[in-house]
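The values are calculated or read from the model by the stated rules, or taken from the named source; none is laboratory data. Keep in mind the model is a prediction, meaning the values are calculated, not measured. FYI the Cβ positions are ideal-geometry reconstructions off the backbone, even for glycines, and counts take in every protein chain you see. Note: areas computed on protein heavy atoms with side chains; ligands, DNA, RNA excluded. Shrake-Rupley method; radii C 1.70, N 1.55, O 1.52, S 1.80 Å.
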Amino acid sequence: MRVLVLGGDGFCGWPTALHLSAEGWDVTIVDNLSRRNIDNELEVQSLTPIRTMGERIKAWKDVSGGDIGFVNMTVGKELDRLVALIRDLAPDSVVHFAEQRAAPYSMKSARHKLYTVDNNINATNHLLAAIVESGLDVHLAHLGTMGVYGYGTAGLRIPEGYLKVTVETDNGPAEQEILFPPNPGSIYHMTKTQDALLFQFYARNDNLRITDLHQGIVWGTQTEQTKQDERLINRFDYDGDYGTVLNRFLMQAAVGYPLTVHGSGGQTRAFIHIQDTVRCVELALKNPPKRGDRVKILNQMTESRRVRDLAAMIADKTGAEIHNVANPRQEADENDLVVANDQFRDLGLKPITLAQGLMDEVTDIARRYADRADLGRVPCVSAWNQRRAEALENEA
Ligand code: NAD
Ligand code: USQ
């Protein structure tokens, strides 16, 4: 089985590429290394010492004997090259991680908003158009986000992509299933809701086989493969734009920086460990929709947690202090979140829980590389609007 992993140099893409290679897939990574350039722009680096793509691929060959291909290409700008690549390699599947994925980065300035929209929507549209143009029946699995649902669902168990509604017709009430109404909380999350419309269109118009994985916040760093050699180590973002909440708290606890809870910390979010991410992608590739099916949507998350509860759990285990800081984001202070994830459970996913994995992560990764941290990059400084920017200034 042959697979293209778009965005395969990133935090989720690299361990996925290794996992699929270890499982016997013939893997080619496509990436334009834009994430490494954004590190240069933000003057920050992964807490873990990630190697160049050439070193990574060589290390994998040394460790496993497996070959992973690499093509440096901007998906969304080089349509002819992308069509040619798909025709040449004739992959069974494409996994699409190649987007700008940080909500705070997408809200930094007008330029960052435009970049995120251009990059993400063009990447998805080019990929879909290229698959059609290739004439091949390639299954596309896209990494989407739980954030497309919004966080104001008031106790509703969030279904997997589609909502059953009752509509009034001339013959009385009738049931229908519609795409869950999108409610994005950032420009980044908005691009994922637009991706969803592109998927609906191409699945219906061109019979493309598409799976959209609505993933929660990924935590952890290492997988079975990235652990095998330090040259294979995965990225660990901790800065105020790219660091996600749980990994930030783990790193902050390791370096003695107070845990930065935004506002009351009543925000509830969905989480998944990186090891489960790579397993879920493999399960999705092995269980594609049939030609003519609607877009298959799965909620790729394993636990819902409130931010202040996460902080309390880590403080309890490590003795870290907790600071409630002004929230740079325009978001609800308190929300509940109940999510259906029956499809992955039915496919056999046995999730890694926070209770099991947290301390390994603090000791193995965060403490080990603590001396690489630039504490000046920890605060979240990208504000969602003027009011939030003023709140940050008042606090400073
Ligand atoms: P990342 O930024 O670490 O990786 C993305 C990779 O894609 C980078 O290597 C980047 O260089 C590449 N890329 C971006 N735009 C590209 C383009 N136009 N052409 C070619 N390469 C391009 O992000 P990640 O954390 O690995 O996330 C991957 C995907 O998973 C994203 O689409 C994101 O929305 C989704 N996701 C991530 C998380 C998370 O917590 N990290 C949670 C839910 C969903
Ligand atoms: N938060 C804090 N303190 C911090 C950092 C964040 O309280 O120091 C809060 C935020 O205000 C927010 C929550 O934690 O309420 C989550 O923030 P995050 O940065 O961990 O996650 P988010 O911005 O939602 O984005 C991440 C990934 C994105 C993915 C998304 C999945 O960067 O690619 O799509 O998680 S989800 O959240 O389910 O939409």
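Might you report the magnitude of the Cβ-based charge dipole of the chain about its Cα centre, with Lys and Arg at +1 and Asp and Glu at -1, to the nearest 20 debye?
It works out to roughly 200 debye.
Quick one: among VAL165, VAL138, VAL362, which has the greatest mean-square fluctuation in a GNM of the chain with alpha-carbon springs under 10 angstrom?
Fluctuation is largest for VAL165.
How large is the helix-only mean residue ellipticity at 222 nm for the chain, computed as the sum of -39500 (n - 2.57) over DSSP H runs with n ≥ 4, divided by its residue count, in deg cm²/dmol to the nearest 500?
Using -39500 (n - 2.57) per qualifying helix, the result is -11500 deg cm²/dmol.
Going down the table (LYS164/LYS350; LYS227/LYS286; LYS192/LYS296; LYS164/LYS296; LYS164/LYS192), which pairs top 19 Å between alpha carbons?
Long pairs (Cα-Cα over 19 Å): LYS164/LYS350; LYS227/LYS286; LYS164/LYS192.
Antiparallel versus total DSSP beta bridges in the chain: what percent is that, nearest 5?
The antiparallel proportion sits near 25 percent.
What residues have an amide H closer than 5 Å to that of TYR162, excluding those fewer than 5 places away on the same chain, when H is modeled at 1.01 Å from N in the peptide plane?
Result for TYR162 returns PHE180.
Once phi is turned into ³J(HN,Hα) by the Karplus curve 6.51 cos²θ - 1.76 cosθ + 1.60 with θ = phi - 60°, what whole-Hz value does each residue of region 331-342 show in order, with x for glycine and proline?
My calculation for region 331-342 gives 8, 5, 5, 9, 8, 9, 8, 10, 10, 7, 9, 4 Hz in order.
Using θ = phi - 60° and the Karplus relation 6.51 cos²θ - 1.76 cosθ + 1.60, list the HN-Hα couplings for region 135-147 in order, rounded to whole Hz, with x at every Gly or Pro.
Karplus-based 3J(HN,Hα) across region 135-147 equals x, 9, 8, 9, 7, 9, 10, 10, 8, x, 9, 4, x Hz.
Name the most mobile residue of ASN171, ASN125, ASN341, meaning the one with the largest mean-square fluctuation, in a Gaussian network model of the chain with Cα contacts below 10 Å.
Result for the chain, Cα springs under 10 Å: ASN171 fluctuates most.
Across the Cα atoms of region 1-85, what radius of gyration and what greatest pairwise Cα-Cα distance (Dmax) are found, in Å?
Reported Rg and Dmax, both Å: 13.3, 39.
Explain nothing, just the number: relative contact order of region 2-395, from Cα pairs under 8 Å at least 6 residues apart, as a whole percent.
RCO, region 2-395: 20 percent.
Sequence-distant or interchain residues sharing an amide H contact under 5 Å with GLN330, placed H: which?
Counting only residues 5 or more places away or on other chains, the set is TRP384.
Only sites in a loop by DSSP and with at most 16 other Cβ atoms within 10 Å count here; which chymotrypsin sites (Phe, Trp or Tyr not before Pro) in region 68-169 make the cut?
Listed in order of number, the matching sites amount to none.
Given a Förster radius of 22 Å and the C-beta distance between ARG367 and GLU224 as r, what FRET efficiency does 1/(1 + (r/R0)^6) yield to the nearest 0.05?
So, using R0 = 22 Å, E works out to roughly 0.55.
Give me the accessible area of GLU303, 1.4 Å probe, in Å² rounded to the nearest 10.
Rounded to the nearest 10, that gives 30 Å².
What list of ³J(HN,Hα) couplings, whole Hz, do you get for region 166-172 from phi and the Karplus terms 6.51, -1.76, 1.60, once you set θ to phi - 60° and write x for glycine and proline?
With the stated coefficients, region 166-172 comes to 9, 10, 7, 10, 4, 9, x Hz.
For region 283-396, what is the charge dipole size about the Cα centre, in debye to the nearest 20, if Lys and Arg each add +1 at the Cβ and Asp and Glu each add -1 at the Cβ?
The dipole of region 283-396 has a size of about 760 debye.
The chain: longest stretch without exposed trypsin sites (Lys or Arg not before Pro) (DSSP loop, at most 14 other Cβ within 10 Å), sites themselves excluded?
In the chain, the maximal stretch lacking such sites is 78-289.
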